[in-house]
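Notes for the one structure printed next.
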Amino acid sequence: MKLKFLISLIALVAVIWLLDNKLGKLPAIGKVFDPYAGFWQNGEKQPLSLDNQIILDGLSGEAQVVFDERMVPHIFAENTHDLYFLQGYVTAYHRLWQMEFQTMAAAGRISELIGTVAIEFDKEQRRIGMPYAAERSVETFSKDPLTKTVMEAYTEGVNAYISTLDDKKLPVEYKLMGYRPELWTPLKSALLLKYMAKNLTYNENDFENTNAYTLLGKETFGLLYPEFPNDNDPIIPPETDYDDVSVHLDSSHADLGFMLKRSTYDEPASDIGSNNWAVSGRRTKTGYPILCNDPHLQLTLPSIWYEIQMSSPDVNVYGVSLPGSPNVIIGFNDSIAWGVTNAGRDVKDWYAIEFKDETCDEYKFENFWLPTTKRIEEIKVRGGENVYDTVIYTHHGPVVYRKENEAGTENLNLALKWAAHGPSAYYELVEGDSGIQPIKAESHEMGNELLTFYHLNRSKNYEDYKSSIANYSCPGQNFVFASHDNDVAIWQQGDFPARWPEQGKFIMDGSKVLNEWQGRIPQEHNAHTLNPERGFVSSANQHPTDGTYPYYYTGVFEYYRNRRINDELRRMSSVSVEDMQRLQLDNYNMTASDFLPILLTYLDSVKFENPEYEDLAIEQLKGWNYMNDAELYAPTIFEIWIEELQFFMWDELSLDTLDPEWYYGNWWDLEKNQIRKPALNNGKFDVDYPELPVLLKLLKTQPYHKLFDHKATPNKIETAKNVVYDSFYWAVMKYYDLDKYQLKPLEWGRFKGTGVRHLARINPFSVLNINVGGNRHIVNAMTSTNGPSWRMVVSLGPELKAYGVYPGGQSGNPGSAYYDNAVAKWAAGEYYELNYIRKSDDLPEKSHTVKFIPNK
């Protein structure tokens, strides 16, 4: 009897322990299903669970927040401190888990949540200097009294909300992952800004260019990777005069001859981009400017943006904020509107470092040995032992790759110099009493992005706008502007290094003084224009200038969306809000309109090997209007074909002879449920395909160029015609195999399968397989994972009207009616009229007001 009782007791204790503790990747089941504190409590029964009146420590005066029918908060405060305190409070109320998860990712702390699987990811964040960069930003914020006030007030507000949380009120992700929120700090807000900087500036091609140059040599590399391909159509009109700008830089050259492989976590982001434009009142129906913006970012739930209005005696601004950071980032007030797109400029350089010995205490610079500094990073690991990683810093920046523990870097130590780290020291060789010595110098002050948006939110005219963005450093952005005064402008702003030609395009020798950044481009020399003759300004991640701009720059740029937008804006007159909304939703495929006529011409005289299928594909393509609309089949054929064309064309970029027979037996990726893209060099070294305009030019002008010859067929010489048909044949076979084996639908929208995915990749919390058109190089830049994260159209003037929508909802709670309520409207190309409230008693019809009272 006692034995049975003991066994039962042990079993009961074991069950209780299992229910109350996280087991591997599984949450503590008992806590998750607890009827009083588990996920049941995250189902919102009322539109708003906040009380009508809330008494808070930390407020200095009374305030109110009006929540409209979409749960957008409109904050009305008596002073600056309370305004940002309440921004922090209401943002945390809706988005706390998202705020903390993103900043923990930026800090390299995900192992604390999910264990050993995230150790390499966390190391990468530490090695590229994310926490270091955020700490430097906090120092800058603290030095400026205004920024310090705003940041501290926002932090206090977030923590005031956190202090109200018990297990019942915790966001569901905390329950599923088994942890609790920490108190908010200014460092977390700074980490969020570095998280965005990483997403938007990790687009340099130093590794890839170095490898391609080594493979191809100078002449062929120059042909395939020109600085300015044809049909550039830059942000600043080509007729801009730069005669008053004089640039004098010491010049050097890159030392090449090695092949490199990036870390998995260091791969450049793809499909990151945006559109913005502003049309002068000279060309609109109302006689006042219309400004438009749609940043194309990763589509996530909760949304990357949080819609908000903020009003106090010195400001009344509406737009979207980044959860975790104060101010409105994209928006408008009663006098101006503004928006941003990514500059695409390369502000990351890699330097090969030679250490004196295995201690890595010193590194070579010219004929001298300079001291390193070392930062020991402690990575806490859930369910495992802590990991310690020593990151070595040079004056260039942190050594991300070390030859003794990194495969693929060809015995190189590589340090990263990145604008997001802030201004760095540099060395000059100065002759003194003891001969030539390296003298350390400090560069300019670190930028203050928070100050930029604080002042933009309050700007009234062009001069205010110009002064506001002067504080902005990284990531480089194209700030579009329009005002009630009928000014339209655009300014590419950021800390852009002044470079000699091709500096930063390849890996550089870190021991050479001439490879140092020689200052930065002054703000007044950054590409900008005010009220151009054409009557509009625009950007879509293309080159900021043409080749006459006196400063050298490199980066990753767009060549199609910008041309379509500019063509349409040039064509339009008496422009309306509806015209602008239609342009944001435009699905015209300019890549196809460029390529398809010449590709079909090459096929005119070809005898098809499989005419039953190939004739049907040709019929679809010839009848296509170049619109990537969701219900069409032709876009699917074309997009598969253009990928095949590049695969057949660029085999010269591989050290290996590609085996098409192997590839075409393994072309479907079962894990990702998509067509497999073959890796050049079998993934051993990074090389990028040349841009599509380069391929188009070769097809049009040099059809017998040696680059069209296949390496895999040494006894045969191929021309452009062979490459076009080979790629077409295999594209058609794949297209019909998709249907034959029911691998994927053939209509473009369903084939592409756009999804808005939960940040933690929890499928039940995601909205998947949204049937929408568009694609990467299309104005409606909708891919499977990225797209317009916020569409905004603002018509300025006495009767200010604004419209917007994003793929999500205000709440970060999957159990809320406001979690993904806007996704369907966004997918349908519809907009909400935005409730810009001028007075706190001028309320929308359906709204809920919460009064906040200081606890005195």
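The values are calculated or read from the model by the stated rules, or taken from the named source; none is laboratory data. Bear in mind that the values here come from a model prediction, so they are computed numbers and not experimental data. Here the Cβ positions follow ideal geometry from the backbone for every residue, glycine too, while neighbour counts run over all protein chains shown. For the accessible areas, the whole protein counts, side chains as well, though only heavy atoms, and no ligand, DNA or RNA atoms are used. Shrake-Rupley method; radii C 1.70, N 1.55, O 1.52, S 1.80 Å.
For the reader, a short list of remarks on this structure follows.
- 3J(HN,Hα) along the range 374-381, derived from phi through the Karplus expression 6.51 cos²θ - 1.76 cosθ + 1.60 where θ = phi - 60°, amounts to 10, 10, 8, 9, 9, 10, 7, 10 Hz, with x in place of Gly and Pro.
- Axial C-alpha extent at least 18 Å, average Kyte-Doolittle at least 1.6 - helices from the chain (DSSP): 2-20
- From the coordinates shown, semi-axes √(5λ) of the Cα gyration tensor in Å corresponds to which of (i) 41, 34, 33; (ii) 51, 39, 22; (iii) 67, 33, 23: (i)
- Above-threshold pairs, the threshold being 24 Å between Cα atoms, out of LYS460/LYS846; LYS356/LYS440; LYS123/LYS403; LYS505/LYS706; LYS672/LYS740; LYS123/LYS188: LYS460/LYS846; LYS505/LYS706
- Protection proxy ranking, peptides 146-153, 217-224, average beta carbon neighbours within 10 Å, highest first: 146-153, 217-224
- Taken one residue at a time, the phi angles of the range 849-856 give Karplus couplings (6.51, -1.76, 1.60, θ = phi - 60°) of 9, 10, 8, 10, 10, x, 8, 10 Hz. Gly and Pro are set to x.
- Per-peptide average of other Cβ atoms within 10 Å, ordering 356-364, 575-583, 703-711 highest first: 575-583, 703-711, 356-364
- Mean accessible surface per residue for the chain, computed with a 1.4 Å probe while every protein chain stays in place, in Å²: 41 Å²
- Under the Karplus curve 6.51 cos²θ - 1.76 cosθ + 1.60, θ = phi - 60°, whole-Hz ³J(HN,Hα) for the range 217-226, x wherever Gly or Pro sits: x, 4, 5, 5, 4, x, 5, 8, 10, x
- Of LYS148/LYS194; LYS194/LYS348; LYS801/LYS851, pairs whose Cα-Cα distance is over 24 Å: LYS801/LYS851
- In this label model, LYS700 and GLU69 are separated by 5.1 nm, measuring between points 7 Å along each Cα→Cβ vector.
- At R0 = 35 Å, FRET efficiency that the Cβ-Cβ distance of ASP546 and GLN437 yields, to 0.05: 0.25
- Amide hydrogen proximity for GLY555: with H placed 1.01 Å from N in the peptide plane, the residues at 5 or more positions away or on another chain lying under 5 Å are ASP346.
- Here the accessible area of the range 290-412 is 44 percent carbon and sulfur, with a 1.4 angstrom probe and all protein chains present.
- Per-residue packing, averaged as other Cβ atoms within 10 Å, sorts the ranges 445-455, 555-565 into the order 555-565, 445-455, beginning with the highest.
- When the helices of the chain are scored as -39500 (n - 2.57) per DSSP H run of n ≥ 4 and the total is divided over every residue, the value at 222 nm lands at -9500 deg cm²/dmol.
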